[in-house]
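The values are calculated or read from the model by the stated rules, or taken from the named source; none is laboratory data. Keep in mind that what you see is a predicted model, and the values were worked out from it rather than measured. Quick reminder, even Gly has a Cβ in these numbers, built from the backbone with ideal geometry, and neighbours come from all protein chains shown. Heads up: the accessible areas ignore ligands, DNA and RNA and are worked out on the full protein's heavy atoms, side chains in. Shrake-Rupley method; radii C 1.70, N 1.55, O 1.52, S 1.80 Å.
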Amino acid sequence: MTSVLGLSSKQYEVDDYYEAVNLAYKAGWSDGLPIIPPTPELVAEFVNAIGVAPGDVVADITERKRVITAEKLAVNAVMAGCLPEYMPVLVAILEAMTDPRYRFNHLASMGSAWPLVMVNGPITKQLGINNGVYLFGPGHRANLAIARGLSLVLRNCAGAKFEETQRGQWGNPMRLVGCIAENEDTPWTPLHVQRGFQPEDSVVTINSVYPGSPVHINVNERGQSVEVLLDSVCHAMANWGGAIYNRGVYTLLIGPHYIDWFERAGWSKDDVKAYVIENAKTSVASLKQRHVWGKHLEDMDPEELAIKPGDEKIFLHLLKKHPTLEPYVSWPIALQPDYDRDVDLFVFAAGGDAGDRMGLMVPQYVSTNPISRKIRVP
Amino acid sequence: MSKLTILDPTIAIPEAEGVTLAPRLPSLKGKKIGIIWNNKQPGEGLLHEMAARMVQDGAILGPFLTKPYLGNVATDEILDELQSCDAVVSGVGDCGSCMSANVLDAIMMERRGVPATAVGTERLAETTGRGMARFHGVPRFPIAIIRSHPVRLEGVTKPEDRKSLVDEFYPQVVEALTIGAPQN
C-alpha cells in the first residue's frame with residue numbers, strides 16, 4: 001500500500017492517540033513502554049532527515065534475511081521518542097552492526113549482550129547527548145531515545161526479542177540507556193580520534209557488553225596516586241565474572257575529577273591502557289578457586305584442578321596471553337591463530353565528577369568486535 | 001481526539017516455502033555425510049559418535065569441519081566444501097546464538113541442494129533455532145532436538161552420557177535427512 005508520501009508500510013486506523021499506544025502493546029511492537037504513534041507524516045519527516053527514499057536500504061542483516069529500510073527505521077525511531085535529527089546516528093549504528101566483524105547473530109546468545117553506543121564529535125553537543133553526571137540516566141532524551149530507537153527497530157525488524165531469536169538470560173538495560181557521549185573538553189584524545197577519525201568527524205563506536213555494566217568500582221585516593229586508583233580497577237577487571245576469564249575490549253569510564261589527576265601526573269589514555277594491560281592479572285590459585293581453570297578442557301584430572309603451593313605466585317594477565325597456560329583459561333576458539341577478536345582497553349572520558357569511583361563496561365566474550373562508523377548528516 | 005493512522009514497524013516474514021528445501025535421501029546407505037561442528041564442547045565428541053553410528057548404518061564419512069565462530073553461519077569455504085556431500089549435519093547448539101547459527105548452516109546447505117539438519121537442545125531449538133528457520137521461510141524445518149538436557153550441555157563429558165545423548169538425537173537426524181518431517 002503506497003501512500004502519497006512514498007511510504008509502503010501497512011497502515012492501521014485508530015480512534016485516538018491512546019488507542020494507538022494500546023495497539024502497539026497488543027501487536028507486540030512495544031518493548032514494555034508506551035510508544036509515540038508513528039503517523040505517516042512523522043515517519044516521512046524522519047526519512048527526510050537522512051535524505052534518502054523510504055525504500056532505501058539502511059541495513060542488511062544477511063544471517064537473519066532482514067533488510068531494514070529507511071522507512072522501517074523511521075517508524076521505530078518515531079515510536080522510541082526520537083527527534084528527526086537522531087536518524088543519522090541510528091543509521092551509523094546499524095551500519096556498524098552489520099559490519100562482518102561485529103558478527104550480529106551473537107546478540108541471540110544467552111549472555112544477553114547488547115551494544116553500548118559511544119558517540120563522539122560535534123554531533124554530541126548538537127543533539128545534547130549526555131557525557132557527564134548521571135551518565136546512563138535516565139534523564140536525557142537523546143541518550144534514551146537513540147538507545148531505544150535501536151532497540152525497537154531490532155526488536156521489530158530483526159527478531160531481537162525473547163519471543164524470537166534472542167535467549168538473553170537477564171536481558172540488558174543498555175537497550176534503553178546504552179547511548180553515551182564522550183566529554184571532549186579534556187586534554188585527552190577522544191576515542192574516535194584514537195580510532196583514526198578526524199576530531200571534527202562525528203562517529204559512533206559500538207561495543208557489545210554484558211548486563212551488569214557499568215560495573216561500579218570504588219577507588220582509593222591515597223597520596224593522589226593514579227597508580228593506586230588504577231590498581232583497584234585492575235583487580236576488579238581481572239576478578240570479574242566467576243568461572244570465566246573474560247577477554248575482550250573493556251571500556252573504562254573516567255570522570256573529569258580523575259582526568260585532572262591523570263593530566264597532572266602526565267598520563268595519557270595510552271599510559272592508562274599500558275598500566276592496566278600490565279596489572280590486570282589473576283593468580284592460578286584464584287583462577288582455580290573460581291573454577292575458571294580447565295573449564296573448557298574435557299576430562300580434567302581432579303589433581304590438576306587442585307590448588308598447589310606456588311599457584312598463588314603464577315599470574316595470567318586479562319589483556320595479554322600467557323606463553324603456555326592459555327588452554328586452561330581460554331575458550332578453544334580463542335587459541336586458534338586466525339581468531340579474530342580484539343582484546344583491548346578503551347578509556348572513555350565520561351561520567352560525573354563525584355570522585356571515588358570509576359566505571360567499567362564488560363565486553364561480551366568470544367564472539368564480536370567493537371566497530372566505529374562515521375555519522376553522515378545530509 | 002481525532003482519528004489517527006499509524007504505520008506497522010515490523011517487516012513481514014516471507015511466506016513459508018515448505019518444510020525443507022532439498023530432496024531427501026532414500027536412506028543413509030552409501031551416502032556421503034558432511035558434518036559442521038560449531039567449535040563448542042561437548043559437541044565434538046557427540047558428532048563423532050553420531051558419525052560412527054552413520055558408518056554402522058552404511059554411510060560414508062565426508063569432511064568434519066569446524067566453524068571459527070560458533071554464533072554465526074559457517075563460512076562460504078565450509079559450505080562450498082560440503083556441497084559435494086549427499087547430506088550435512090550441523091551441531092551441537094546449546095546456546096542462543098550457536099543454535100540459531102547451526103540451523104542457518106543447515107538451511108544454507110539446503111539452498112545449495114544438499115539435505116541437511118541441525119542438532120541442538122530443546123529450549124534453544126524451539127526458540128532461536130525455530131526463529132532463524134522462520135526468517136528464512138522454512139518455519140517447520142526439522143531440527144534434531146535433545147530434550148533430556150533442555151538447555152546447556154556443558155559438563156556432559158563421560159562416554160556413557162555421550163552415548164545416551166546420541167541415542168536420543170540420532171534417529172531424529174536420520175528422519176530429518178530421509179523423511180524430512182518436522183520433529184515437533
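Some points to look at:
- For the stretch A:1-104, the pair-distance distribution built from all alpha carbon pairs, in bins 10 Å wide starting at 0, is 15, 43, 35, 7, 0 percent.
- Across B:136, A:235, B:48, the residue with the most accessible area heads the list, and the full order at a 1.4 Å probe is A:235, B:48, B:136.
- For the stretch A:248-369, the Stokes-Einstein estimate of translational diffusion at 25 °C and a viscosity of 0.890 mPa s comes to 149 µm²/s, using the Kirkwood hydrodynamic radius over alpha-carbon pairs.
- The mean number of Cβ atoms from other chains found within 10 Å of a Cβ in peptide A:326-334 is 2, as a whole number.
- Seen against the Cα atoms of chain A and their longest principal axis, helix A:87-97 is set at about 50 degrees.
- Percent accessible area from carbon and sulfur atoms, the protein assembly as shown, protein chains only, probe 1.4 Å: 53 percent
- In Hz, Karplus ³J(HN,Hα) per residue of the stretch A:173-184 (6.51, -1.76, 1.60; θ = phi - 60°; x = Gly, Pro): x, 4, 5, 10, 10, x, 10, 9, 10, 9, 7, 9
- Cα-based Lys pair tally, the stretch A:256-359, threshold under 16 Å, eight or more apart or on separate chains: 8
- Per-residue surface analysis assigns residue A:301 an accessible area of about 80 Å², computed on protein heavy atoms at 1.4 Å probe radius.
- Once the partner protein chains are put back, the stretch A:80-105 shows a loss of at least 40 square angstrom of accessible area, versus the chain by itself, at A:103, A:105 (probe 1.4 Å, ligands and nucleic acids excluded).
- Whether the stretch A:177-221 is rounded, prolate or oblate, judged on the alpha carbon gyration tensor where a/c under 1.5 counts as rounded: oblate
- Buried on assembly, the stretch A:158-201 (at least 30 Å² less accessible surface than by itself, 1.4 Å probe): A:164, A:165, A:167
- Rule-of-thumb Rg ratio for the stretch A:75-120 [Cα; 2.2 N^0.38 Å; N residues]: 1.31
- Computed over Cα pairs, the Kirkwood radius of chain B leads via Stokes-Einstein (1.306 mPa s, 10 °C) to a diffusion coefficient of 97 µm² per second.
- Expressed in Å, the radius of gyration and Dmax of the Cα atoms of the protein assembly as shown are 25.1, 78.
- Cleavage-rule hits, trypsin sites (Lys or Arg not before Pro), the stretch A:193-247, DSSP coil, Cβ neighbours within 10 Å at most 13: none
- The residues A:62, B:121, sorted by heavy-atom accessible surface at 1.4 Å with ligands and nucleic acids left out, run A:62, B:121 from largest to smallest.
- Two-decimal Rg/Rh across the stretch A:169-269, once Rg and the Kirkwood Rh are taken from alpha-carbon atoms: 0.97
- Nearest-0.05 FRET efficiency for residue A:232 and residue A:324, computed from C-beta distance (R0 22 Å): 0.15
- From the C-alpha gyration tensor of the stretch A:61-141, square roots of 5λ in Å: 24, 17, 12
- Residue A:197 contributes an accessible area of around 50 Å² to the protein surface, as traced by a 1.4 Å probe with all chains present.
- Between the stretch A:306-378 and the stretch A:114-171, the Cα center-to-center distance that results, in Å: 23 Å
- Accessible area that becomes buried as B packs against A, both chains, 1.4 Å probe, Å², nearest 100: 4300 Å²
- Segment residue A:162-residue A:306, extension gain: residue separation times 0.36 nm, minus the distance between their alpha carbons: 47.9 nm
- Comparing Cα centroids, the stretch A:38-81 and the stretch A:3-27 end up 15 angstrom apart.
- Extension gain for residue A:11-residue A:239 works out to 76.9 nm (0.36 nm per residue, less the C-alpha to C-alpha distance).
- Size descriptor, Kirkwood hydrodynamic radius, that averages inverse alpha-carbon separations across the stretch A:13-74, Å: 13.1 Å
- Measuring how big the stretch A:311-378 is from its alpha-carbon positions, Rg and Dmax come out at 17.0, 59 Å.
- Occluded residues from the stretch B:57-71, i.e. those whose accessible area drops by 40 Å² or more once the chain is not alone (1.4 Å probe): B:69, B:70
- Per residue accessible area of the protein assembly as shown, 1.4 Å probe, in Å²: 39 Å²
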